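Here's the structure, in structure tokens; my notes come after.
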Amino acid sequence: MSHGNTPSQHNSTIAISPLVANASSQAQSQRQQQSGARHWSGPTSTAQTPHNPVAYSPLVQKIQKNASLATPAPHVDNGSTAGLLASMTKNGLFGPAIPSTLRKVSIGARDIPHSTSKPNGLVTGNHDKDDGNPTAYITAGMPGINIADLPAAEKLRLWRHDALMQHHYRTAEYIGDKVYSMTQDPNDAFWLAQVYYSNGSYIRAVELLSGDNLDSSSVMCRYLTALCLIKLGKYDEALDIVGELNPFRDSPGHLVKNQDGGIKLESSLCYLRGKIYSAQNSFEKAKESLKEAVQVDVKNFEAFDELISNNLLTPNEEWDFLSTLDFSDLDDNEDLIRSLYVTRLSKYLNLEEVNKAHDFLVEEYKLKDNTGVIQSKVDMLFTQCKFTNCLKLCETVLEKDEFNFTILPTYISCLYELGGKNKLFLISHKLAENFPKHATTWFGVGTYYMCINKISEARKYFSKASILDPTFGQAWIGFAHTYAIEGEHEQAVSAYSTASRFFPGTHLPNLFLGMQYLLMDTLSLAEEYFILAYDVCPYDPLLLNEMGVLFFKKNDYLKAKKYLKKAWEAIKRLDSESKSWVSIHTNLAHTYRKLGDNERAVRCFKLVLETAGKDTDTLCALGFVYLRMNRIEKAIDSLHSSLALCPSNQAAQDLLKQALDVNLTTVLDENHPLVVNSRIQEYGVGLTSKKRSSANFDASIIAKRLKQGQDSTDDEGDEMDLE
Amino acid sequence: MDATATIDFLNDVKSKLRRSASDLSKWKLYNSARWSSEAILGMCDITDLSTVNPYMEDDESPLKGRKGIPDPENNRRNSDDLDNMTGKEYDLYLLASTLFDCKEFDRCAYYLTDADHPCLKFLQLYSKYLSWDKKTQENLESTLALGKSRGGEDDGNDIDGKIANNAGLKRCDIDSDTNNKSQKIIDIGNGDTTSISILIKDLNKFLELHDSDTSLGTALLYYLRGILYKSQDINSTAMTSFLKSVTLYPHNWACWWELLNCLARPDESLLLLKLLNEKFGMDQHNSGSTSGQIMLRFFKLSLFQEFSGNIDDFIEELDYLLNIFPNFAFLKTQHALINYHYMDYVNSELIFDQIIKLDPYRLDDLDVYSNILYVMQKSSKLAYLAQFASGVDRYRPESCCIVANYYSAKQEHEKSIMYFRRALTLNKSCTSAWTLMGHEFVELKNSHAAIECYRRAVDINSRDFKAWYGLGQAYEVLDMHLYSLYYFQKACSLKPLDKRMWQALASCYEKIGNSEESIKCYVRALQLSINSDQDTSILYRLALLYEKLKDSENCENYMVKCVEAEQSSDGLVTDETTKARLWLARYQAKHKKFAEAYNYALGVTHGTSQEIEEARSIARECRRRME
């Protein structure tokens, strides 16, 4: 066996399963021929039917002996795949009568051996486990071969694989070592390294692979070496192995489709590069590498997840990035995966598209109760600040899967927003018992302490969480918040800026930075940060609100109005009625007040009061506007209620005094409300005719309205028009 | 209207009321149900007529009920409701209903969470609301701790400074705790919060979905919506909700009552009345042919109590209703109340006596009766009433108020205050108790506490002119005339035809030194005075004000009027007339009209010794000059 048999960057590791390589050399050569042919024709041939590549894959070649199973069914129902997996686990792993995984798999596979691409992809996705699986397909593929007929080395290999699959690492190591010594086959070296890796002896794997200079000759070995080095924290060495740039970028096979349904090694290498860069804090490069990883092979979900969940992309970039992806590699799963990916994207824009994808998944694939799909809904609700609904949804997920770490951070945030400290307590305890080494656990604990207002403890646990997982954004922000709450602006600023460096794709750290500077009255710096945040995400109402406030403070009311209106529109689009809704309206009202647009100011203030309940300052401001409009009675009323809520409100006191003075000097003439009122009443009483002629009433009332210039039922037309 | 038509109509009213009584008690609106059933029993007897009436489908004979045979109509009704509900829903209802009765509101709401039947939804939200109410009550520190300042938080940031706080860290949410308190959000620590606005949102969502539904459930939901909005002080929306509910289902008295409570100003009442007249077709003069109109008539009576209006119309309506419901205590009470408002205490007392005879254990509105007895100083009767009421139920706010009145009559103001407090603990929205407690504090010269009480009263019911007036007076005592002026204005706008209000306003203006306005007010008071030419005190004050303005012509004019008032009131001499005479004497003497001056001076026979002395000297001087 020459080194040439290890897979190129276009292939996944399926190809190098030692059994594939050795069991049937005829098939092997056939594969080489064909893959060679595809090398030349690949880029130009466009007329391929989508399932052709699968048919060409070496595994299928072997299966083809089993004629009826040769080509996969055009539409592989998801259900049957699941059934395959289920049958494997059910009948196989736990069946008492079956002695080894080999036998069992071959039995299971005999029934449904064809939809190979799926389980293979799955297996190769998790390199550290289950690498024995290929064996299953081999044996399944060769139902006629009797194990007893195989050469001795093959038998040992099978043994090694089964041991690896059952996590008998010592057996696997022992046997693998012997096989390697016997054959000196690089593939055996690779598998031995695989065993070392699974066993956690990374350094041994590295030594093994580099000792025989395998890593320079085989892409696969190079990948494994780099992976081990990353695990060991030797990022520079790992980078040396994978190279600073993708070496295959310009090679002619760049656009070649993967032939066995696994993940291209080139993509995995790019992913490793991205990981190394992000560990080295060069996020721009990391971002590029990860993007490349997904672009090379959309099946590389690790990279996609890394990009999205670590906020390396801004909302707009996320959507642009998705449109550059090529899903055609996935055949009939194309729509499924695209929709799944869409549901992971930022919920600040293209809500309809997300919803469409969501509905598609639910209707076509019956994924209604799937956690990943629900998670998208959860994220959407959280973005819209609909915490109650979000919480409910989270709980339905957590009922099935109590420690789902994709949902838990949102769940914890929701509980914090809703003040559910009791539940926070419970969940943090459960987490701490079961996952003492997980960042989310300590994030939960920190949040609990923040909820009960024990800031210093909260800070301790937030920092613990971010040490455990430096890419955990919420923990960083929570950590910074603890300083902000205590009014330690300087420290808060530095914490926020660290966060903003770590998470270039999210605007929140910059927004909070701006808020800190706003509080410190450093308006120019605040503006700068807000603009940075605005560049990242111009859709967040909170940010727009803060910008409005900034311009308000700068006395640039027109601009303030502009931004606040934008904020108003954004929050309307998000369809949320949260605390930010109230603050946006309050601020808008104040801006109108400053601009002298009394009517609108009054309307806004009233809306705020109706939605958010009474608030001393809002009432005071409303009183002020009324006073300016010379509606003394209303002014005095609202100032009074303002003072009733907070008797020491100096501004309200002064204004009240002023209003009462004005009230005194108001002349009791025909137009004074009192006089008009008394006249109306007199009229009503004096009306002795038994018929209640409403026409007369009308006249008097209208007359009164006109005179008073006061809207007694100004409630009717209270819809906001903010033009 | 011929006899059969009348009987049909009466039967219709009766069956509607019956139905409402059973429906409303089924859906836990006990007060309305009570009102309806009281009304049925108070109705005139129509059995005699009904025996000859061929159109009567169901036997209304009271014997039937007495025999204990279930009313056939009742059975049908129950099955009606069952038809609307699926079996599952009915089972749910049974559970929820018992939970509600056991006061396990949270559980009740929980079981009904997914209910789609409007009535069940109502029950769910209603129990949620009640649970919220209970918890906020529990959380509130004693509201009755008076004189305590209500917590001074941040002070002295001017109006612009506010916006910054506002904009602060909304996501960090520093003061969520204080926030919760002010917005009265109840949560039990598991993220399941309840606040009025959440309830409203839920309710609105449901109503949007069931827009076209006109069943009882929808009516009840609208009623609840009104209550929720009202508790948020959004009266206009509350009013529309109540109106909607009343149109859908007019036999819910509590809803009418709440509708009334939404009104804040007399002019609104006129508008509302017009609208309701149109809605219930009262314009067409087909006097009362639907049971809905009957309800509207009841409403009009209550409206009149609050805002007054044309007394003749009121009497007409009252007579009409009394014909139909001769034994309905509620109607009689309305009659008594109107007499009380018109300060005809004797008649009012008589009617109350009747009511007590008719329905001896009915405590509603008896606190008004005690007020009457208090004003009439019938302390023995008041003592009896107090004993009696607390014998019936000592933990009813009404009985506490009566006892408080009793102690007040005995000048034991502390005890009186204690009982008012008790009444308020039982029902914190009892306006009259707040106002009366304010009066007690005034008696004790504790203006600040009095102000606090009055303020609470107007917070709950801004139509209580007595409380506004009390506020004005209390501030007057404190020499804060600007405030006092505003409160008198408030009182005056509620009772613009009450001369006392204008007088109070005038004196207030006078004290601040705004003579012109003061004069206007006095003139207005004079116009409203029944015997305007005899109100010497106003006349004298007017004269003085003109003097201050150096308008001697008008001044003289009013002084003369003041003196003339003496003649028209059969020579009743008051301080003012004496002073007026003296002034005129002085004035005429100055203008060398000695004869007149002499006459005036001679007339001064009462007054202080200095005045009489001065009058004598003027008379002497004048006589000397004339000679």
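Derivation of every value follows stated rules applied to the coordinates shown; laboratory data play no part. Just so it is clear, the model here is predicted, and its values are computed rather than measured. All Cβ positions, even for glycine, are placed from backbone atoms using ideal geometry, and neighbour counts span all protein chains on display.
Let a ≥ b ≥ c be the square roots of the eigenvalues of the Cα gyration tensor of the stretch A:352-397; is it rounded (a/c under 1.5), or, if not, prolate (a/b larger than b/c) or oblate? Because a/c hits 1.5 or more and a/b fails to exceed b/c, the stretch A:352-397 counts as oblate.
Computed about the Cα centre, the dipole magnitude for the stretch B:542-627 is approximately 460 debye when only Lys and Arg (+1) and Asp and Glu (-1) carry charge, each at its Cβ. Among B:Ala504, B:Leu544, B:Val563, pick out the residue whose Cα is farthest towards the positive end of the charge dipole of the stretch B:496-572, where Lys and Arg carry +1 and Asp and Glu carry -1 on C-beta, about the Cα centre. Final value for the positive-end residue is B:Ala504.
Using +1 on the beta carbon of Lys and Arg, -1 on that of Asp and Glu, and nothing else charged, what's the dipole of the stretch B:359-426 about the Cα centre, debye to 20?
Details: 9 positive and 8 negative charges, 43 e Å.
Charge dipole, the stretch B:359-426, about its Cα centre: 200 debye, nearest 20.
Rounded, prolate or oblate: which fits the stretch B:496-572 when a ≥ b ≥ c are the square roots of the eigenvalues of the alpha-carbon gyration tensor, with rounded for a/c under 1.5 and prolate only if a/b beats b/c? Write down the numbers at each step before the final one.
Values: a/c = 2.44, a/b = 1.19, b/c = 2.05.
Since a/c reaches 1.5 but b/c is at least a/b, the shape of the stretch B:496-572 is classed as oblate.
Checking the a/c ratio against 1.5 first, then a/b against b/c, what shape does the Cα gyration tensor give for the stretch B:573-627?
Details: a/c = 2.36, a/b = 1.69, b/c = 1.40.
Note, shape of the stretch B:573-627 comes out prolate.
Please go through the residue pairs B:Lys378/B:Lys410; A:Lys234/A:Lys285; A:Lys368/A:Lys423; A:Lys430/A:Lys460; B:Lys16/B:Lys428 and name each one whose alpha carbons sit more than 23 Å apart in this structure. Each step should come with its number before you reach the end.
Details: B:Lys378/B:Lys410 11 Å; A:Lys234/A:Lys285 18 Å; A:Lys368/A:Lys423 26 Å; A:Lys430/A:Lys460 19 Å; B:Lys16/B:Lys428 33 Å.
Pairs exceeding the cut-off: A:Lys368/A:Lys423; B:Lys16/B:Lys428.
Distance between the modelled labels on A:Ala279 and B:Leu94, one decimal in nanometres: 6.7 nm (7 Å Cα→Cβ projection). Of all lysines in the structure, the ones whose alpha carbon falls short of 25 Å from that of B:Lys14, not counting any fewer than 8 places away in one chain, are B:Lys26, B:Lys28, B:Lys64, B:Lys67, B:Lys244, B:Lys279, B:Lys300, B:Lys332, B:Lys357. Taking 23 Å as the straight-line reach from the Cα of A:Lys554, the lysines in range (excluding those fewer than 8 positions away in the same chain) are A:Lys562, A:Lys565, A:Lys566, A:Lys594, B:Lys162, B:Lys170.
Length, then width, then depth: along the principal axes, the Cα atoms of the stretch A:500-594 run 39, 30, 19 Å. Between A:Ser216 and B:Leu271, the simple spin-label model (points 7 angstrom out along Cα→Cβ) gives 9.2 nm. Summing charges over neighbours of B:Glu104, with a neighbour being any other residue whose Cβ is under 14 Å away from its Cβ, gives +4 when K and R count +1 and D and E count -1.
Provide the gained length on full extension for the span A:Glu207 to A:Ser456, in nm with one decimal, where the gain is 0.36 nm per separating residue minus the Cα-Cα distance. Walk me through the intermediate numbers first.
Values: separation 249, 0.36 × 249 = 89.64 nm, distance 4.58 nm.
Gain in length upon complete extension: 85.1 nm.
Shielding of peptide A:535-544 by partners, expressed as the average count of other chain Cβ atoms within 10 Å per residue Cβ, is 0. If only the Cβ of Lys and Arg carry +1 and only the Cβ of Asp and Glu carry -1, the dipole of the stretch B:318-386 around its Cα centre is close to 180 debye.
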